[in-house]
Each structure stands twice: as structure tokens, then as C-alpha cells.
Amino acid sequence: MTVIDVEKENKEIAKQYKKLLRISYQALSDDDKKLIRSAFDTAVDAHKDQRRKSGEAYIFHPIAVAKIVAQQIGLDATAIAAALLHDVVEDTSYTLEDIEKLFGETVARIVDGLTKISQLSSEQDISLQAENFRKMLLTLNDDVRVILIKIADRLHNMQTMDSMADNKQVKIASETLYIYAPLAHRIGLYNIKTELEDLGLKYTEPDVYDDIKQKIRESEEEQKAYIETFSDVIRESLDKEGLNYSIQGRPKSIFSIRRKMKAQNVSFDEVYDKFAIRIIYKSDTANEKFLAWKIYSIVTDHFRPNPVRLRDWISSPKTTGYEALHITVMGPKGRWVEVQIRSERMHEIAEKGYAAHFKYKHGDAKEQGIEVWLNRLQEALENADGNAVDFVEEFKLNLYSQEIFVFTPTGELKSLPKRATPLDFAFSIHTEVGLKTRGAKVNGKLVPLNRQLKSGDQVEIITSESTKPNANWLDYATTARARAKIKSSLKEERKKIGEEGKEILRRKLRQLKISMDERVVNDLVVFFKLKTSLDLFYRVGIGTIDNKMLKNFAAARSNTLLNFFKSKMRKPTKPEDIHKEEITNKYDLLVFGKEEEKLDYKFSPCCSPIPGDDVFGFITVNDGIKVHKKDCPNAITLQSNYAYRIIPAKWIDSSQQEFTALIRLEGLDNLGLLSDVTKVISTNMHVNMKNISFDTEGGLFSGKITVEVKNKNILKKLMDNLKKINGMNKVVRI
């Protein structure tokens with residue numbers, strides 16, 4: 001049994017507390033120190049009887065988290081106090097009211113946010129981790145410091161995970177790679193992001209981690225010598241210009257080397273840019289930009305630059321506040337080297353993220369920065385209802401993405417995630433602009449709505465009052481904001497068509513001598529193997545369920561009633577006796593990827609999905625595509641460790657698929673004929689025209705139209721209406 005030397009432990013606690021005050025990034029006033037002292041005393045008292053798995057006093061954990069918050073993230077005294085108290089309400093007899101009385105409303109609100117995150121949701125059928133992440137992300141609305149302290153808490157847990165059980169290590173490491181590392185990256189905490197990723201790899205793929213770490217250590221001397229050779233070449237020119245600078249080498253993280261090895265399918269030795277060189281220079285604000293380009297010019301005088309690898313984050317800083325000039329040059333021995341040029345101020349922002357960004361701003365500008373960031377994140381939080389895994393996936397998409405910068409027609413600069421389309425751009429301007437998008441021009445030329453935008457593009461959106469979103473838009477849009485708005489609009493449109501369908505159904509049933517009530521609607525839903533009454537009304541509205549089908553229902557119904565009277569003794573069929581497959585078999589087709597391809601697959605036995613479940617495909621090494629439910633217990637691990645092998649999948653109702661039809665027209669040529677044809681098509685509901693071509697010769701015309709329709713009935717109605725056009729002679733489907 002380990003004997004604990006209490007006196008020695010107390011000395012160490014006092015030493016760590018003093019260190020916390022000494023290393024704080026922000027200058028602490030006497031009041032700040034009083035607040036931190038009071039929080040420290042309260043935490044020591046609250047955790048006095050607790051120990052960590054490793055056996056050390058629990059208080060070392062909150063102190064370590066507070067040190068990360070104070071030094072690495074660089075937050076204020078309020079955040080340091082909240083970090084010291086972050087586990088007090090959850091783990092000890094202190095209540096939130098006690099914290100508020102002792103430390104005021106702000107500290108209490110932050111501690112409350114941190115406590116909420118730690119309490120798992122008990123909702124059924126939803127991945128608990130995803131639900132927990134959703135709750136964490138929603139606390140952004142309260143105070144951004146909640147997330148920053150949570151990231152510090154996670155970093156310290158990852159640093160001290162050795163004494164935990166293996167399965168817990170893997171679970172926590174997977175969560176870290178899945179959400180905390182991307183969050184740290186998005187907030188601009190690059191050093192913390194790198195450490196979280198490396199530690200995540202250490203516990204999810206320990207052999208790979210150890211192997212790369214060992215190889216980095218072996219090549220350390222060679223790397224130092226290379227940086228020295230590189231520096232010697234440019235030092236004389238930099239000194240001649242009277243610049244005050246330092247040159248540092250920065251090894252690439254183990255995680256990013258591993259990612260490169262996987263992405264390019266190469267060995268460690270074949271990864272060419274295992275480190276970057278940083279030139280950090282002293283400058284006043286006025287000359288910062290000028291000096292950066294001067295250093296760029298000196299470096300490229302000596303080493304040939306790779307023109308496609310220039311990144312100018314000085315003219316257009318990232319939304320995290322990051323500024324620097326990145327160039328890749330052909331260094332000594334014919335090796336490509338990334339060179340990062342940044343001033344001391346830019347370097348501080350790169351290391352600390354927002355805290356440093358605000359150190360250089362004053363008054364309102366400081367608050368405004370946090371506001372801008374929160375507003376951007378708010379977009380991803382808008383669609384906070386629905387499936388938690390979907391929500392976290394959408395949010396992550398927006399977190400991970402690198403940025404591109406595009407221009408509006410008036411020359412205003414807009415930041416969008418990489419792979420954004422004109423549709424994403426439209427919704428980023430305003431929801432109404434997005435919903436009314438008819439087309440888009442990029443650099444003056446009309447482009448499809450799914451064209452990926454590039455930095456420097458000038459985008460103009462063409463709108464029309466009559467345009468409405470359709471289901472294809474979900475394949476065109478990539479940002480959470482655009483997708484949430486499109487989904488909500490499609491839902492509304494479906495409801496509207498459903499209301500029209502309800503009235504049509506009432507009328508048609510009346511002709512069949514059936515009065516429409518709740519029971520009849522339920523019978524219809526079961527008869528047509530649907531899920532809800534809205535599905536039924538919608539199908540009647542778009543014409544998928546027609547008169548003939550309703551007559552079949554009426555005939556089947558009267559037979560059922562007849563049989564019922566014939567055998568009163570037989571037990572009536574209860575609604576719950578209906579076989580489950582009858583309800584779900586409208587989802588009769590599983591498709592994969594954005595192109596909705598039909599591929600071979602197997603169901604995974606760990607979660608046994610059934611038609612209609614939210615699912616994704618996982619590409620296995622030897623067993624083809626395995627289909628998992630999105631809330632499968634293995635989903636988080638698969639998505640965090642093998643994201644590159646995940647393939648989106650969804651069940652579709654084949655009756656809802658749109659079909660392409662080609663129609664040939666012939667007739668007498670007259671003025672305005674083309675306008676009449678397009679008018680008929682545009683007023684015919686649920687028809688999407690994809691292509692049209694016309695030829696006229698000697699007073700006769702012939703033409704072809706390609707349309708997308710949901711079913712034969714809609715196509716027949718369209719062709720009948722085209723036949724009525726003056727001078728039309730022939731309308732046939734090819």
C-alpha cells in the first residue's frame with residue numbers, strides 16, 4: 001500500500017498554486033489574485049477527501065486545468081477561477097447557489113455550463129456521446145469560456161490517462177479526435193489541437209504512434225542540421241536589411257505525419273515535409289505587412305518558391321484571427337520546405353488564439369471579436385433539434401473545413417468553408433436570397449449550383465420569386481446553415497402539398513361514397529403501406545395515388561366489411577398485428593454517397609439496422625460495405641478513427657424517386673410557341689425541365705424536351721396539356 005506524505009503533498013499544492021499566478025498570460029490585478037485565491041481555497045476544501053486513479057490528490061487536476069487556461073489559452077481571472085472550481089458542483093457537496101454566493105453570477109454560470117456538459121443524457125436511441133457533444137456545443141450560447149475550459153480539462157485528462165483501463169482510454173481518445181481536436185483548431189488553439197491529436201493517436205493506435213515518435217527522435221539531429229543550413233543561406237540577407245528576427249524549426253506533429261502517410265500511401269521516409277521553418281520578426285503595427293513581404297522576397301531570392309503553395313493569411317486572416325504568410329520553397333538538397341513568416345504579434349495569436357487577438361484590440365473591438373465568432377458558430381447550432389449524431393456531423397463539417405474567400409458583386413469579401421457552392425454563398429448572404437436562388441454567376445459566367453467555389457471567385461446570385469428549393473439542393477449545399485434552411489423549406493412545401501392533397505382525397509372519396517374520417521385515413525395509410533397521414537396526403541397531392549388506386553382501396557374495403565359480417569366470431573385484426581415490414585417497406589432501396597449509387601452491402605450484426613433507420617456505410621478491408629445505424633455504439637469510434645472509410649447512406653422510397661422522360665413535339669411553327677411550351681411546363685406542378693431544343697423548317701417545327709417527373713400520371717397530365725397548345729400536332733414520349 002502506498003503511504004502518502006501529506007506534508008510533502010501540501011507543499012507541492014502550494015508550489016503549483018504560486019506557479020499558476022506566475023505563468024498567467026494576462027496581467028493579474030490584486031482583485032484578480034484575491035478571486036483566484038478564494039477559488040483555490042474553496043476547491044482545496046471541496047476536494048480534500050478525493051484522489052485520482054493514479055493516487056495523487058484530486059486538487060492537482062483543477063490546478064493543472066487552471067494552468068492550461070491561464071498560460072496556454074491565456075484567459076482572464078474569471079476563467080481561471082471557474083477552471084479551479086469546474087468539478088466542485090458535480091463531485092462535491094457544494095451547490096451552484098454556494099458558488100454564486102461566493103463568486104458571483106458569471107463564475108457560477110461558467111461552472112454550471114461545465115457541470116451540464118459532464119452529466120450524460122439518458123435519452124434512448126441516440127448516441128450518448130453525440131448527445132453530450134450537442135449539449136456542450138449549445139453551451140456556446142451562454143459563455144465561450146465554458147468550451148475553452150472544457151478543452152483544457154480534456155487536454156489534462158488526455159495527458160494523465162495512463163492509469164486508466166484500456167477500453168476507457170480508447171473511448172476518451174476517440175471522443176477527443178472526434179470533437180475536441182476540431183474544436184480547438186476552429187478556435188485557433190493550434191498547439192492544443194496538435195497535442196490532443198497526438199495523444200488521441202497514442203491511445204487509438206499505440207504501435208503506430210510509438211513507431212513514428214521513435215523515427216522523429218532518430219531524425220532530430222539531421223533536422224537541426226538542415227534548419228541550420230537553410231538559415232545560414234538567408235541570414236546574411238536578412239541582417240543586411242537590419243531586421244530583428246529569429247528562425248525556428250517546427251517538427252510536424254505525429255498525427256499529421258500519420259495522416260500524410262495514410263492519405264498518400266507512403267512510408268515515414270517518403271513524407272517530404274516533416275517540419276516547417278518559422279521566421280518570426282519584431283515590428284510595429286504600421287510596418288508588419290511590408291516587412292512580411294520583404295522577408296518573402298529575400299527567401300524567394302535564395303530558394304525557388306512553389307507558386308501554388310503560397311498562402312497569404314495576412315491580407316485575409318482566417319476567421320480564428322490567424323495571420324501569417326506561408327510559402328513552400330525548394331530548400332537545400334532538393335527538398336520542399338514550408339516557411340512560415342509572421343510577426344511576434346501574429347505568432348502570439350497563432351499560439352494563444354482569441355486571448356492574444358484581444359490583447360491587441362481595445363474597448364468594444366475586444367467584445368466584438370467574440371461576437372463575430374459566436375455568430376459564425378451560431379449557424380451550425382440553428383438546427384439543434386433532430387438526430388444528435390447528424391447534428392454533430394454537420395457541426396464537425398463546419399469545424400474542420402479550411403476556409404476560402406470569395407467576393408460579392410460589390411467587391412465585399414466573404415469567408416466560406418472549403419468545398420462551398422454558390423448555394424452556400426446565397427444562404428450566407430441571407431436566408432431569403434438562398435430560398436429564391438434561380439441560378440449563379442461565378443466570375444461573370446453562369447455555373448451550376450453545385451460548382452465548388454475557389455478563393456478569389458466573384459459570385460453573383462440570380463433570384464426569382466417563383467423559385468423554391470427542391471430535394472436536389474441538399475446535394476448541392478455543404479454548410480450546416482444552408483442545409484438546415486433547405487430541409488425546413490422542403491418540410492413546409494411537403495406540408496402545403498399535403499394540405500392540398502387532403503382536400504383532393506376528401507373529394508375523391510366522396511365520389512366513391514366514403515366519408516373521410518380518422519379511421520378511413522388510418523385504413524388508407526395501412527393499405528398503401530405508408531407511415532403517416534402526411535405521407536398519404538402528399539402522395540395524393542403529387543398524383544402518385546390516383547383514382548384507380550383509390551377504387552382498389554374502396555373495393556378491398558367493402559370486401560373486408562363483407563368478410564367481417566360473414567365471420568363475426570373471428571378475432572378482428574388489430575392495428576398492432578400488421579407486420580412491421582408492411583410499414584417500413586416503403587423504404588425499399590438503400591443508396592450510397594451523394595450520387596445515390598446502388599452498391600452491394602451487408603448489415604452489421606452489432607446494431608442490425610432495419611429499413612427506415614438512419615444509417616451509414618463503412619468500407620471494410622475484406623468484407624465490402626457494412627451498414628451501421630448512426631446511433632450504433634461503434635459509430636463514434638468508426639467515425640473518429642476511420643473517417644476516410646465512411647460512406648453516407650440512406651433509405652429511399654422508390655415511389656418518391658424522380659424519373660427522367662424525353663418528349664418529342666411536332667406541329668406548325670407560330671410566334672410565341674416556345675413561350676407557350678415553357679409556360680405549360682412551369683405551371684405544371686412537380687415537373688422539373690432539364691433540357692429543351694427546337695428546330696424550325698418551312699413553317700414546321702420539331703422539338704425535344706427532357707423533364708424529371710415523380711410518376712407516370714404527372715407525365716400524362718403534362719403531355720395532355722402540351723397537346724392543347726395551338727398548332728401542336730404530335731406529342732409523344734420517346
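No value in this document is a laboratory result; all are computed from the given coordinates. Worth saying up front: this structure is predicted, and the values here are computed from it rather than measured. Cβ coordinates were reconstructed from backbone atoms using ideal geometry, including for glycine residues, and neighbour counts include every protein chain displayed.
Some points to look at:
- Two-site label geometry, Lys531 and Ser315: point separation in nm, points 7 Å out along Cα→Cβ: 5.0
- Here the gap between Lys495 and Lys724, fully extended at 0.36 nm per residue and compared with their Cα-Cα distance, gives a gain of 79.3 nm.
- Calculated SAXS-style log₁₀ I(q)/I(0) at q = 0.24, 0.26 Å⁻¹ - segment 401-478, Debye, Cα scatterers: -1.15, -1.35
- Local electrostatic count at Lys19 - Lys and Arg +1, Asp and Glu -1, tallied over other residues with Cβ under 11 Å: +3
- Candidate lysines for bridging to Lys445, where Cα separation is under 24 Å - those fewer than 8 sequence places away on the same chain excluded: Lys414, Lys418, Lys436, Lys454, Lys468, Lys690
- The simple Förster model, with R0 at 60 Å and r as the Cβ-Cβ distance, assigns Glu270 and Ser558 a FRET efficiency of 0.20.
- Shown for segment 216-359: lysine pairs separated by 8 or more places, or found on different chains, whose C-alpha atoms are under 17 Å apart, numbering 15.
- Relative contact order [Cα under 8 Å, 6+ residues apart], segment 139-241, whole percent: 20
- Counted by neighbouring Cβ atoms within 10 Å, the residues Ser682, Ser237 run from fewest to most as Ser682, Ser237.
- Calculated log₁₀ intensity ratio I(q)/I(0) where the Debye formula runs over C-alpha points of segment 658-733, q = 0.20, 0.24 Å⁻¹: -0.79, -1.14
- Taking other C-beta atoms within 10 Å as the exposure proxy, Thr408, Thr479 rank Thr408, Thr479 from fewest upward.
- With R₀ set to 30 Å, the beta-carbon distance separating Arg519 from Ile610 gives a calculated FRET efficiency near 0.60.
- Segment 244-314, relative contact order in percent, only Cα pairs under 8 angstrom and at least six apart counted: 35
- Order by protection proxy (mean Cβ within 10 Å, highest first), peptides 150-159, 48-57, 249-258: 150-159, 249-258, 48-57
- Relative to the Cα centre, the charge distribution of segment 496-561, modelled as +1 at Lys and Arg Cβ and -1 at Asp and Glu Cβ, gives a dipole magnitude of about 200 debye.
- In percent, rounded to a whole number, the relative contact order of segment 587-654 is 44, using alpha-carbon pairs under 8 Å and six or more apart.
- Neighbour counts of other Cβ atoms within 10 Å put Thr95, Thr194 in the fewest-to-most order Thr95, Thr194.
- The label-point distance for Thr285 and Phe603, in a model that sets each label 7 Å from Cα toward Cβ, rounds to 6.4 nm.
- Length released on extending from Leu21 to Asp239, taking residue separation times 0.36 nm less the Cα-Cα span: 74.7 nm
- Across q = 0.13, 0.14, 0.15, 0.21 Å⁻¹, segment 216-359 modelled as identical point scatterers on its alpha-carbon atoms has Debye log10 I(q)/I(0) values of -0.61, -0.71, -0.81, -1.41, in the order of the q list.
- A Förster radius of 30 Å, combined with the Cβ-Cβ distance separating Lys690 from Asn670, puts the computed FRET efficiency at roughly 0.75.
- Listed by chain and number, the lysines placed with their C-alpha closer than 22 angstrom to that of Lys34 are Lys11, Lys15, Lys18, Lys19, Lys48, Lys67, Lys101; residues fewer than eight positions away on the same chain are left out.
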